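Take a look at the structure below.
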Amino acid sequence: MAISSIAFGSPAEVGQSDALKAALAEFISMLIFVFAGEGSGMAFNKLTDDGSSTPAGLVAASLAHAFALFVAVSVGANISGGHVNPAVTFGAFLGGHITFIRSILYWVAQCLGSVVACLLLKLATGGLETSAFSLSSGVGVWNAVVFEIVMTFGLVYTVYATAVDPKRGDIGIIAPIAIGFIVGANILAGGAFDGASMNPAVSFGPAVVSWTWDNHWVYWLGPFVGSAIAAIVYEVCFISPATHEQLTSSDF
């Protein structure tokens, strides 16, 4: 990955129609994803008297997030690339697939989508709490950071392999479901320890609505570091400079 491939973009990009449409698509995809994912946990709590932290609750959360992300990525893919995650956007930026200006638009839209989804859930459920992500008993902040780094690495590496790599061929067809599957699998692995966010916006919405910020920085630092490692490894090892020069920010 060449440093020169990282593009700042023009401030005028903020007002461009395609950039604004892409940001809107990210907002809608994130709203869909968080409403279903967070809502499934709230529904499970209601049905089981706060049993979302049980093994059955973990499986339910894994399935709901995998299904919802599959849909959220699919519906946004042709408009914004279907990032649905600030960490994915950050990885795409480091690889030169999106400008910094457009990345900011995406980050704002993604965070707003998550907040609106949580507000709608609170309204629709008659004021039930949208629980913020938190660390389980015995899990330290740096344990959680490592979890988030490794899980997000797996997610962003999957995104690169199935959606970004210009050599992906027909494998690109299954990108949304592969991305959903890795998130679902990672929730089974890390959900019992720190909630398995892998997505700063997913953590941000519940934190804002419940106004709970304990260890919130973990859910930004870990995913961004994991994303950066995955993007750099894939770009350096598997995407040739010659091929990379043919890519533009609209490719993903």
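The values are calculated or read from the model by the stated rules, or taken from the named source; none is laboratory data. Quick caveat: nothing in here was measured; it's all calculated off a predicted structure. Cβ atoms come from the backbone with ideal geometry, glycine included; neighbour counts cover every protein chain shown. Calculation scope for accessible area: heavy atoms of the full protein, side chains included, ligands and nucleic acids excluded. Shrake-Rupley method; radii C 1.70, N 1.55, O 1.52, S 1.80 Å.
Numbers for the structure displayed
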read-out: Leading residue by the ranking (least open to solvent (accessible area, probe 1.4 Å)) among those in the stretch 48-66 that are more than 14 Å from the chain's Cα centre (by Cα) and of a type outside the set (G, A, S); value: L58
read-out: The listed residue being small (G, A, S), buried (at least 16 other Cβ atoms within 10 Å of the Cβ) and outside any helix (DSSP H, G or I), out of G96, G113; value: G96
read-out: Contacts under 8 angstrom Cβ, first residue in the stretch 153-176 being free of Cβ contacts under 8 Å to residues at least 24 places away in the same chain and polar (S, T, N, Q), partner open to solvent by 20 Å² or more (accessible area, probe 1.4 Å) and part of a loop (DSSP other than H, G, I, E, B), 6 or more apart; value: T162/R168
read-out: Members of the stretch 129-154 that are modelled with pLDDT of 95 or more and within 20 Å of L31 (Cβ to Cβ); value: A132, F133
read-out: All positions within the stretch 125-154 that are of a type outside the set (S, T, Y) and out of contact with any helix residue (DSSP H, G or I) (no Cβ under 8 Å at 6 or more places or on another chain); value: G126, G127, G138, G140, W142
read-out: Residue that is modelled with the lowest pLDDT [pool: residues in the stretch 155-167 that are in contact with a helix residue (DSSP H, G or I) (Cβ under 6 Å, 6 or more places away or on another chain) and open to solvent by 40 Å² or more (accessible area, probe 1.4 Å)]; value: P166
read-out: Some residue of the stretch 76-89 being part of a helix (DSSP H, G or I), among the hydrophobic types (A, V, I, L, M, F, W, C) and open to solvent by 30 Å² or more (accessible area, probe 1.4 Å); value: no
read-out: Test: residue in the stretch 157-174 that is over 19 Å from V208 (Cβ atoms) and acidic (D, E); value: yes
read-out: Filtered residue count, the stretch 185-241, keeping only those that are in a loop (DSSP other than H, G, I, E, B) and either crowded, with 24+ Cβ neighbours inside 10 Å or in contact (Cβ under 8 Å) with a residue 40 or more places away in the chain (or both); value: 11
read-out: Residues of the stretch 19-47 satisfying the condition of being in contact (Cβ under 8 Å) with a residue 60 or more places away in the chain and either open to solvent by 70 Å² or more (accessible area, probe 1.4 Å) or outside any helix (DSSP H, G or I) (or both); value: L20, L24, I28, F35, K46
